[in-house]
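Quick notes on the structure that follows.
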Amino acid sequence: MFKILEKKELSPGVFRMVIDAPRIAKKTQPGQFIIERVDEESERIPLTVADFDREKGTITLIFQAVGASTELLAEKKEGESILNLVGPLGKPSEVAEGIGTVVCIGGGIGVAPVYPIARAMKEAGNKVISIMGARSKEILIMEDEMRAVSDETIVTTDDGTYGIKGFVTTALGQLVERGEKIDRVYAIGPVVMMKSVADATRPLALPTVVSLNPVMVDGTGMCGGCRVQVGTETKFACVDGPEFDGHLVDFNALRTRQGMYRDMEAEAEKEHKC
Ligand code: FES
C-alpha cells in the first residue's frame, strides 16, 4: 500500500498527489512513469512522475480525473492509500550537458511530465525555454515551478486570457522568427498538440521528442496494448518509450487506437457513477 501524503486540486479536475514511495523515488529519472491501481477492482493506469524527492522518499503524480479509474483516484483523500504502484517504468529522458538550447513544451496536463525534464536539462547546464499552453488561464498548472527551472517561460492560452493568444506552436514560431537557435524540442501533451509541434519542426529539422501515453495494461512489453507506430517499426511505449522521435510517430494511428477505447471507458465511467 502506498500512502497519499498530500493532495491538492490544482485546477478543476486536475489533482496533485504526493505519495510515499521510497523505493520508486530512489530510482526514478525524468521521463519515466509508474502504473497505479487504486484497488482490486480498478484498472491499471500509467501516470508520468511529475516530481520525485529521493530524500523524503516521495513521488508526485499529477493527473486529470477524466475516466472511471482517474475519478476513483481523485476520490482518495490525504492519509488514504493506493493499492499498487509499479515503477519506475520506461526509458529515462536523454539528459546531457552541452545540448544547447532546449525548448520544453507542455500542453494542458502535459506540463507535469515536461517539468522534470526541463529541470534536469537546466541542472545539466543547458538553456531552457519553456512553452506552456492551456485552453485558458484558470486551467494553467505549474507556472511557478516551470518559471523556476527555465531561462525563459512563455505562456499561451487558446482564448487569450493569459499570455500569448494562440497555441504552443504560435510561441514556437515566434522563437524561430526571432532567430533563436534551438537544439532540441520536447513536446508533451494532447496527441493533436504533439502532432502540430512535430509538423512545425520537421521542415526545420529541429530534433523533436514526444512522450506518448497510450493505453497500457502490464507495462512490461508483454500485452501489446501500448503499441505505437514509429517510422517503419512497431514499438511498445512502455518499454521502448515513452519518448520517441516526434518526426517518426504515426499520430493518426495513435489517435485511432485511443478512440477504440473511448466507448469502453465511457461504459466503465457509467458503472463507477452508479
Ligand atoms: Fe503491455 Fe506495453 S503495456 S506491452
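The values are calculated or read from the model by the stated rules, or taken from the named source; none is laboratory data. Bear in mind the structure is a predicted one, so any value in this text is a computation, not a measurement. Reconstructed Cβ throughout: ideal geometry from the backbone, glycine too, with neighbour counts over all protein chains shown.
Checking each residue in region 101-110 for being closer than 12 Å to M132 by Cβ and part of a strand (DSSP E or B) picks out V103, C104, I105, G106, G107. Within region 236-245, the presence of at least one residue that is more than 14 Å from the ligand (Cβ to nearest atom) and not assigned by TED's automatic domain parsing to the domain that holds R184 is confirmed.
From the residues in region 196-210 that are farther than 22 Å from G98 by Cα and in contact with a strand residue (DSSP E or B) (Cβ under 8 Å, 6 or more places away or on another chain), which one is surrounded by the fewest Cβ atoms within 10 Å (Cβ to Cβ)? Before the answer, list the steps.
Taking region 196-210 and keeping what is farther than 22 Å from G98 by Cα, we get 196-200, 202-203.
Those left that are additionally in contact with a strand residue (DSSP E or B) (Cβ under 8 Å, 6 or more places away or on another chain): 197-198, 202.
On the way: V197: 27, A198: 21, R202: 13.
Step by step, filter region 196-210, then rank; the result is R202.
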